[in-house]
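Worksheet: one structure, shown below.
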Amino acid sequence: MKLQEYHAKTLLSRAGLPVPPYSVASTVAEARDQSAAYLDAGAFAVVVKAQVLVGGRGKAGGVKLARSADEAEAAAEAILGMDIKGITVRRVLVAPGADIVRELYLAAVLDRTEQRIMLMGSAEGGVEIETLAQEEPDAIAQIHAHAQLGLQPFQAREMAFRLGLGDHLRQAAAICTGLVKVMTDEDADLVEINPLAVVREDGPDGPVETLQLLDAKITLDDSALGRHPGHEEMRDLDEEDPADIEARAADLSFIRLDGDIGCMVNGAGLAMTTMDLVKRAGGEPANFLDIGGGARSDKVAEAMRLILSDSSVKAILVNIFGGIARGDEVARGLVAARSQQTRSVPMVVRIVGTNADIAAKILEEGGGDIVSAESLDEAVEKAVQLAGSVNA
Ligand code: GDP
Ligand code: MN
């Protein structure tokens with residue numbers, strides 16, 4: 001689950017990291033009031049930022065600096081309702097503008113191969129990290145945290161020096177340690193700060209430079225959401241695929257893909273195998289879908305609706321290995337879904353195992369044009385053929 005910048009900043013500031021103050025506005029008037037308050041409090045400018053779950057908001061015109069309440073109002077006017085990569089901006093973040101001296105990149109990511117959290121840093125912030133990784137991989141420092149002990153103090157200092165932050169050693173090291181700690185404490189799989197900025201501020205004895213987290217991106221591990229009661233509330237349903245929302249409500253593991261053969265399978269391993277076989281037979285799966293162990297007929301019907309809601313699906317392949325899942329329950333769900341469907345899509349069904357014989361009868365009596373298959377290979381071949389004939 002991806003978090004909006006303002007939610008990410010909530011988690012980071014809660015962890016004691018230096019995040020500039022911010023507020024969230026969903027109307028132009030709110031944005032103006034909040035801006036006026038920051039400016040009255042002495043900010044030389046405010047920044048108004050679109051809250052959408054896509055990168056490159058700055059380039060798209062979704063980040064604007066304003067020096068007066070009027071300018072802030074105009075900025076909010078322009079950004080609210082703006083379309084950024086297909087997403088309509090519904091909220092903006094308003095914050096006192098930072099006087100940036102330098103921009104850097106710092107992120108904690110999950111290195112699955114090393115099975116550890118890796119800290120990635122670059123002195124060249126503001127640049128897109130993907131571009132930098134390709135063109136100048138040496139410009140990115142990588143340090144792996146200890147699996148049990150976390151990021152060690154010497155590692156945090158090493159990263160600080162490699163980023164050229166020797167003058168800010170204490171603060172830079174604390175930020176490095178903090179990002180890794182947020183990764184662990186919140187069960188995140190990405191905590192990215194771009195830019196981490198050296199910012200000039202007025203101190204009692206003249207200008208001072210400090211580090212601040214100006215932008216933040218956090219991705220949470222979906223499987224760990226249950227351990228964090230507050231996290232679910234941060235989900236932004238406006239920006240989720242409706243199919244994902246439906247799948248979650250029905251407790252189905254569903255991932256949409258680019259192909260045209262809808263797959264309904266029980267068990268993650270069998271679902272992967274089925275997708276491989278579809279590919280081998282020259283087809284393209286439209287989704288990964290695992291209906292789970294003891295799926296009842298209503299869940300099957302829900303899964304079928306989900307598959308059919310994808311207009312690019314040209315054929316459906318059902319592959320059930322009845323163990324805990326009963327073939328007859330699945331067959332009943334299929335027949336129910338078939339009778340309600342508004343779009344006619346050819347369907348190939350292979351059900352073996354528990355109650356496969358009853359399933360076959362149910363499909364024969366109520367399934368209409370459902371094509372049955374004995375073996376998995378046969379089922380896959382037929383599904384690919386049917387999708388092809390619809391394509392032709
Ligand atoms: P992104 O484009 O979606 O990554 O949004 P960012 O929050 O990273 O903003 C993009 C750029 O806007 C940053 O790299 C900064 O150069 C600039 N920016 C963001 N906030 C401020 C700010 O408070 N003051 C100034 N001067 N520039 C800012
Ligand atoms: Mn950014």
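Answer yes or no as to whether Ala15 is more than 14 Å from ligand 1 (Cβ to nearest atom), over 29 Å from Leu190 (Cβ atoms) and modelled with pLDDT of 95 or more. For Ala15, the condition - more than 14 Å from ligand 1 (Cβ to nearest atom), over 29 Å from Leu190 (Cβ atoms) and modelled with pLDDT of 95 or more - is not met. Put simply, of Ile117, Ile140, Ile129 the only residue that is crowded, with 16+ Cβ neighbours inside 10 Å and modelled with pLDDT under 90 is Ile129.
Screening the candidates Glu103, Glu71 for the property of being among the charged types (D, E, K, R), without any contact (Cβ under 8 Å) to a residue 60 or more places away in the chain and either farther than 24 Å from Leu179 by Cβ or within 12 Å of ligand 1 (Cβ to nearest atom) (or both) yields one hit, Glu71. Candidates are the residues of region 95-138 that are among the acidic types (Asp, Glu) and over 12 Å from Asn194 (Cβ atoms); the one that is farthest from the chain's Cα centre (by Cα) is Asp99. Can you tell me which of (1) in contact with a Lys or Arg (Cβ under 6 Å, 6 or more places away or on another chain); (2) surrounded by 18 or more Cβ atoms within 10 Å (Cβ to Cβ); (3) not β-branched (Val, Ile, Thr) is the one Asp99 doesn't meet? (2) is the only condition that Asp99 fails. Filter region 3-12 for residues that are within 12 Å of ligand 1 (Cβ to nearest atom) and in a loop (DSSP other than H, G, I, E, B) and give the result. Listed by number, the list holds a single entry, Gln4. I need the full set of residues from region 354-379 which are hydrophobic (A, V, I, L, M, F, W, C) and part of a helix (DSSP H, G or I), in order please. Within region 354-379, Ala356, Ile358, Ala359, Ala360, Ile362, Leu363, Leu376, Ala379 qualify. Taking the numbered list (1) among the polar types (S, T, N, Q); (2) surrounded by fewer than 15 Cβ atoms within 10 Å (Cβ to Cβ); (3) within 16 Å of ligand 2 (Cβ to nearest atom) in turn, Gln152 passes all entries but (3). Taken over region 25-72, the criterion of being among the β-branched types (Val, Ile, Thr), away from ligand 2 (no atom under 16 Å from the Cβ) and within 18 Å of Pro96 (Cβ to Cβ) is satisfied by Val46 alone.
Checked against the criterion of being touching a strand residue (DSSP E or B) at 6+ places or on another chain (Cβ under 6 Å), within 16 Å of ligand 1 (Cβ to nearest atom) and at pLDDT 95 or above, the candidates Val109, Val89 yield just one match: Val89.
Going residue by residue through region 331-347, is there one that turns out to be in contact with a strand residue (DSSP E or B) (Cβ under 8 Å, 6 or more places away or on another chain), crowded, with 18+ Cβ neighbours inside 10 Å, not in a helix (DSSP H, G or I) and not hydrophobic (A, V, I, L, M, F, W, C)? Yes, region 331-347 contains at least one residue that is in contact with a strand residue (DSSP E or B) (Cβ under 8 Å, 6 or more places away or on another chain), crowded, with 18+ Cβ neighbours inside 10 Å, not in a helix (DSSP H, G or I) and not hydrophobic (A, V, I, L, M, F, W, C). Being small (Gly, Ala, Ser), in contact with a strand residue (DSSP E or B) (Cβ under 9 Å, 6 or more places away or on another chain) and within 14 Å of ligand 2 (Cβ to nearest atom): is that true of Ala95 here? Answer is yes for this residue. Scoring Val92 on the criteria (1) more than 27 Å from Met120 (Cα to Cα); (2) more than 22 Å from the chain's Cα centre (by Cα) leaves a single failure, condition (2).
Each row is one residue, and each column tells you yes or no for (1) crowded, with 20+ Cβ neighbours inside 10 Å; (2) more than 30 Å from Thr184 (Cα to Cα); (3) more than 9 Å from ligand 1 (Cβ to nearest atom).
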{"site": "Pro21", "(1), (2), (3)": "no, no, yes"}
{"site": "Thr27", "(1), (2), (3)": "no, yes, yes"}
{"site": "Ser35", "(1), (2), (3)": "yes, yes, yes"}
{"site": "Leu39", "(1), (2), (3)": "yes, yes, yes"}
{"site": "Val46", "(1), (2), (3)": "yes, yes, no"}
{"site": "Lys49", "(1), (2), (3)": "yes, no, no"}
{"site": "Val54", "(1), (2), (3)": "no, no, no"}
{"site": "Arg57", "(1), (2), (3)": "yes, no, no"}
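Taking first residues from region 10-23 that are small (Gly, Ala, Ser) and partners that are crowded, with 19+ Cβ neighbours inside 10 Å and in a loop (DSSP other than H, G, I, E, B), the Cβ contacts under 8 Å between residues at least 6 apart in sequence or on separate chains come to Ser13/Val19.
The values are calculated or read from the model by the stated rules, or taken from the named source; none is laboratory data. This is a predicted model, so every value here is computed, not measured. Glycine also receives a Cβ, built like all others from the backbone with ideal geometry; neighbour counts cover every protein chain displayed.
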